[in-house]
Each structure stands twice: as structure tokens, then as C-alpha cells.
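Working notes, structure below.
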Amino acid sequence: MHNVTLSFKYSHHISQYIYGFLLLKKKNIINISKIDKDDNSASIQHILRADVDGKKIVYDANDGDHIERNFFSIPDYEWCDLYFKRSYSENLAKNFPKCRPLGFNYEIKPVYGIVDNFFGNIRRLLGKEIVRHYDLETTPKVSNNPRVLFLTRLWEPEVISEESNSIEIEKYNEIKKLNKLRVDALNMLSDNFKKISTIGINDIEYSRKIAPNFILPKTQTHRRHFIYMMKNHEICITSTGLHQSTGWRFGEFIASSRAIISEPLEYITPGNFNNYLPFKNIEELYQSVDRLVNDKELRYEMMEKNNHYYNNYLKPDRLILNTLLSI
């Protein structure tokens, strides 16, 4: 049995990794001798440090691989024996040989013990947004009348000026491009698949200016309600996030064994995941939606493969166990 200590400054980004370690402890696969929930030793946010039988392991859940944006921690890399990175790229593989792919992520609430579980369950009964891994899981099943889901968000572009640096300008352009694609996708789905689609965006001031007709009430964007809708839509669409990141929706769609349509993945995943239909423009998105809506066998095949991937690579305990087996 592995002996483990964990140290971190909690963030939603790393909740999946903490959850996985705690599940392995519950199954008596590892022993966790210490958990430091207020550790400041990491040089950047979204870092979990683990000591596993004397081996120093880093789990990095940052959105990108950009060192200049503080999305990769050189001090933590120098501290560790292995560095598992959510946004793992060929560039990192080439320049940082201790780095390994960590894969998709999504937020789930860790359970630290019996008392924590008890009060968490009470809060769940009261409708609080406390999500466990099994809330997302579902058995692949297809119908003759599939529905399409695309719930997304827009980002408020930050104001730039002549004094803005290159990173600020680059991020501004990224956000403008991201917002445009998402609005164009919403318009395409509304024009061509309105009767079978559930679509919408978050309610912020920028959304009210750009696409007010697609704003959803908060009752429909509540995460537990979103999970319910996700399970009732066989076809789920997502797009690239900020910093070319793989959005959390992608991981949730895999966990729920959905048939997925997405922009091409920018980062490398464990198991060389490719079980989705990619699109690079709105015409390709239309073609992918049309194909999945009209091909029941393809939908089922994709859902089965995503169920298999989830159970072998993404399920929280399996994700962590795979990293331990590589030590």
C-alpha cells in the first residue's frame, strides 16, 4: 500500500485530483498520512503536491502550457520527480522530460471524511451545488430522437490601450475570437436545429450587448441542472477555452458517455483520446451535428468508447492510480 501526503492551496481546478486520492484511500489502495489544505509552497495556483513513498509528484491543473502566463511552475518542476500536467503539449514534452499528460478535468467536491460526507449530503438535499463523481455517470443509451446540447459562456474582453503589453493584446484577441465562434455556433444551431437543441449563454453585461436572445436564466445554468440536461442530450458540443485550454465541459461529457463535438484538442491526453467529431468552422460544425443526429450507430459507438475511456483514464480514482502506476 502506497503511503501518501498531500499539500495544496485549494482551488476548484485541483478538486478532481484530491477527490481521486481520497477515493483510493477509501478503497484501501493507498494510505494518506497527512493532508495540508493551506500549503503555500507551490509557486503558482492550481498545483497539488504529493509525496508518494518518498517520490515527489506535482499535479498541475492550469489552463495552458504558457510559461510566460504562469501556467507552468519551474520551481515545482525542479522540486519534483514527476510533473503531471493537465495542459500537456509537445513543447513541454521536449523541454521538460519529467512532465507527463494528466488529461481532462472537471470540478467535483472532495469528501475528507465521514463528518464532511454527512454535512455535504445535507447540503445536496438542500439543492447546493455539491457534485460527486457518480452524479455525472450514466450508461450509454441512444434514442430515435436525439437532442443536441450547447450551453456555453461569453467572456468580457479586457480593455486594451497603447500601454497594453503583448500578452494582454494576445489574450484580448483570443477572447474576441472565442466569443465570435460561440455566438456563430449558437446562431447556426438556432437556424438549423432549433427544435432538437438546448442552447444558451451566461447572463453577463457583455452577453446582453452581443447576444441577448441566447441568455439563459440562472435556474438553467445551475450546475446540477446542467448535469441533468446533459444526461438527457445524446449529442453535446463544446469549444476551446481561454489559452487554448480544453474546457471542463469536455471532461463532463466523457464522464456522462455523451457523443461529443468539439474544436480540435490543443493538448495531449493520456490514452491518445480522439473519440469526438472535430470542427474548425461553423460549416464543419453543421456537418458534424447533422451526421450525429442522423447516425444512431455512430452515436452509440462514440458513447460506448467514451464510457470506456472514462472508466480507464478519467474516473477520479483511476486518473490518480494511473499516475501512481507510472512511478
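The values are calculated or read from the model by the stated rules, or taken from the named source; none is laboratory data. Quantities reported herein were computed from a predicted structural model and do not represent experimental measurements. Counting neighbours? That spans all protein chains shown, and the Cβs are built from the backbone with ideal geometry, glycine included. Remember, those area values only see protein heavy atoms, side chains included, never the ligands or the DNA or RNA. Shrake-Rupley method; radii C 1.70, N 1.55, O 1.52, S 1.80 Å.
Based on alpha-carbon centroids, what's the gap between segment 174-221 and segment 59-73 in Å, whole number please? If you average the Cα positions of each part, the centres end up 29 Å apart. Bridging of Lys85 to lysines at a Cα separation below 20 Å is possible for Lys9, Lys55, Lys56, Lys94, Lys98, Lys315, once same-chain residues fewer than 8 apart are set aside. Here's the list of lysines a cross-link from Lys195 could span, going by alpha-carbon distance under 28 Å and ignoring same-chain residues fewer than 8 apart: Lys141, Lys177, Lys180, Lys209, Lys218, Lys231, Lys280, Lys296, Lys305.
Projection of the Cα convex hull of segment 78-237, averaged over all directions and equal to a quarter of that hull's surface, yields 15.1 nm². If a spin label sat at a point 7 angstrom from the Cα of Asp295 along the line to its beta carbon, the backbone N atoms of segment 212-255 nearer than 17 Å would be those of 234-237.
For Glu284 and Tyr228, what is the calculated FRET efficiency with R₀ set at 30 Å and r taken between the beta-carbons, to the nearest 0.05? Walk me through the numbers before you get to the answer.
On the way: r = 29 Å, r/R0 = 0.97.
Computed FRET efficiency for Glu284 and Tyr228 comes out at 0.55.
If you run the Gaussian network model on the chain, springs between alpha carbon atoms under 10 Å, then out of Ile215, Ile237, Ile114 the most flexible one is Ile114.
Once both labels are positioned 7 Å from their Cα atoms along Cα-to-Cβ, the gap between Leu325 and Asn31 label points is 2.4 nm. For Tyr88, the residues 5 or more places off, or on other chains, whose built amide H falls under 5 Å of its own are Leu102, Gly103, Ile268. What the Cα atoms of segment 3-47 give is an Rg and a Dmax of 10.8, 32 Å.
Looking at the P(r) of segment 4-87, how many percent of alpha-carbon pairs lie beyond 22 Å?
In whole percent, the share of Cα-Cα pairs in segment 4-87 beyond 22 Å is 19.
Averaged over its residues, the chain has an accessible area of 49 Å² per residue, based on protein heavy atoms and a 1.4 Å probe. Only protein atoms count toward the accessible area here, which uses a 1.4 Å probe; on the chain, the carbon and sulfur part of that area reaches 49 percent.
So which trypsin sites (Lys or Arg not before Pro) in segment 225-327 end up in coil per DSSP with only 16 or fewer other C-beta atoms within 10 Å? Those that pass, being in a loop and sparsely packed, are Lys280.
Taking only the C-alpha atoms of segment 141-207, Rg followed by Dmax gives 16.2, 56 Å.
Note on segment 281-327: the alpha carbon radius of gyration divided by the globular reference 2.2 N^0.38 Å gives 1.66. Taking only alpha carbon atoms, segment 206-259 gives an Rg to Rh ratio of 1.01, where Rh is the Kirkwood radius. Calculated on the Cα set of segment 34-76, radius of gyration then Dmax: 11.1, 33 Å.
P(r) tail for segment 208-327, what percent of Cα pairs lie past 23 Å?
On the way: 2665 of 7140 pairs.
Value for segment 208-327 (Cα pairs over 23 Å): 37 percent.
Using alpha carbons only, how many angstrom separate the centre of segment 123-149 from the centre of segment 91-106? First find each Cα centre; the distance between them is then 30 Å. Once all protein chains are placed together, Ile160 keeps about 60 Å² accessible to a 1.4 angstrom probe. Spacing of the modelled spin labels on Tyr112 and Lys194, each 7 Å from Cα toward Cβ, amounts to 5.1 nm. Converting the Cα gyration tensor eigenvalues of the chain into ellipsoid dimensions via √(5λ) gives semi-axes, longest first, of 32, 25, 20 Å.
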